[in-house]
Amino acid sequence: MKTACVQLRSSADIDRNIAQVSEMVREAASRGAALIITPEMTHILQRSPKRLFAAITEESNDKGVKAFAALADELSVDLIIGSLAIKTGDKRAANRCFHFGPDGQIKARYDKIHLFDVTLSRKESWKESSLYDAGKKAVLTRAGDATVGLSVCYDLRFPHLYRRYAQSGADILTVPAAFTVPTGQAHWHALLQARAIETGSFVLAPAQGGTHEDGRRTYGRSLIIGPWGDIMAELDHDEPGIIAADLDLTEIGSARAKIPAWNHNPDFD
């Protein structure tokens with residue numbers, strides 16, 4: 001199964017971002033990818049709440065939803081848009097992942113469950129819950145012959161989500177992200193490889209990278225990881241780009257048979 005991750009440096013301009021993403025998704029499809037994934041906040045990165053809510057809309061009117069549905073249909077690919085900022089109410093939004101099937105229909109939606117409320121230093125803190133509502137449901141979807149477990153960025157730090165996905169039949173775990181530079185340098189590779197090893201699953205992690213128009217800096221370093229924890233493809237920088245890998249789904253059964261920790265559930269006090 002040929003897969004690709006698209007690394008972006010999304011701006012505050014939705015139209016510009018959609019155009020860039022569409023070009024890169026077409027490039028990935030031209031290389032033979034049947035499953036293509038983009039990062040968190042694909043069509044806008046905007047720290048200002050006022051400017052964010054002036055730009056985004058409800059799902060039914062969202063430019064990205066319409067454009068990416070048409071793009072998946074045009075290319076006949078499974079397209080997972082890591083997330084879009086979708087307005088859900090007065091000054092409230094969802095950090096929502098979309099899976100568009102090869103016919104352009106929405107096959108799945110996933111709202112980010114774990115919101116990024118952290119204090120990294122005196123100068124850098126985030127409170128995602130001040131703008132976004134947390135999702136309440138883990139979501140599995142199908143892409144070709146694979147079952148895919150959806151997640152977004154900070155979800156990566158909560159292994160029970162991925163364990164549930166593996167126990168429910170997931171072959172691939174998607175982790176679209178916009179990691180900060182300090183947390184990326186410290187934890188990005190380790191966490192992604194741990195989730196792959198713990199579950200015996202492929203992990204696809206497209207990332208935002210670089211310095212964005214709103215001033216934030218993201219880590220980049222998109223990764224595709226095999227079920228034994230091996231790095232199959234990687235961007236070793238924060239510039240926009242594409243990585244691709246052929247996934248042999250039979251490797252999942254082999255990894256899980258060797259170390260079936262994903263399905264060991266001992267009782268303890």
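Every number in this text was worked out from the coordinates using simple rules, so none of it is lab data. All figures in this text were calculated on a predicted structure; none of them were measured in a lab. Please note: Cβ atoms are built from the backbone with ideal geometry, for glycine as well, and neighbour counts cover all protein chains shown.
Sorted from longest to shortest, the spans of the Cα atoms of region 112-174 along the three principal axes equal 46, 19, 18 Å.
Separation of region 67-140 and region 7-60 by C-alpha centroid, Å? A separation of 11 Å, based on Cα centres. Bridgeable lysines around K127 (alpha carbons under 25 Å apart, same-chain partners fewer than 8 residues away excluded): K50, K87, K91, K112, K136, K137. Rounded to whole numbers, the Karplus 3J(HN,Hα) couplings from phi for region 107-112 are 8, 7, 10, 9, 9, 3 Hz, using 6.51 cos²θ - 1.76 cosθ + 1.60 with θ = phi - 60°, and x at Gly and Pro. The Cα atoms of region 156-222 cover 40, 19, 16 Å along the three principal axes, with the biggest extent listed first. Counting 0.36 nm for each residue step from D214 to Q167 and taking away their Cα separation leaves a gain of 13.0 nm.
The coefficient of translational diffusion for region 150-269, derived via Stokes-Einstein from the alpha carbon Kirkwood radius under 4 °C and 1.567 mPa s, stands at 88 µm²/s. Among 62-71, 35-44, 218-227, the peptide with the highest mean count of other Cβ atoms within 10 Å heads the list, and the full ranking is 35-44, 218-227, 62-71. The L131 and A186 beta-carbon pair, evaluated with R₀ = 30 Å, returns a calculated FRET efficiency of approximately 0.75.
Pairs of Cα atoms in region 2-259 fall into 5 Å distance bins, from 0 up to the last occupied one, in shares of 1, 7, 15, 20, 21, 18, 12, 5, 2, 0, 0 percent. Label separation (S22 vs D248): 3.9 nm, computed from points 7 Å beyond Cα along the C-beta direction. The packing ranking of peptides 250-257, 25-32, highest mean first, is 25-32, 250-257, where packing means the average number of other beta carbon atoms within 10 angstrom of each residue.
Close amide H pairs (under 5 Å, H built 1.01 Å from N) link A108 with H99, residues at least 5 positions away or on another chain.
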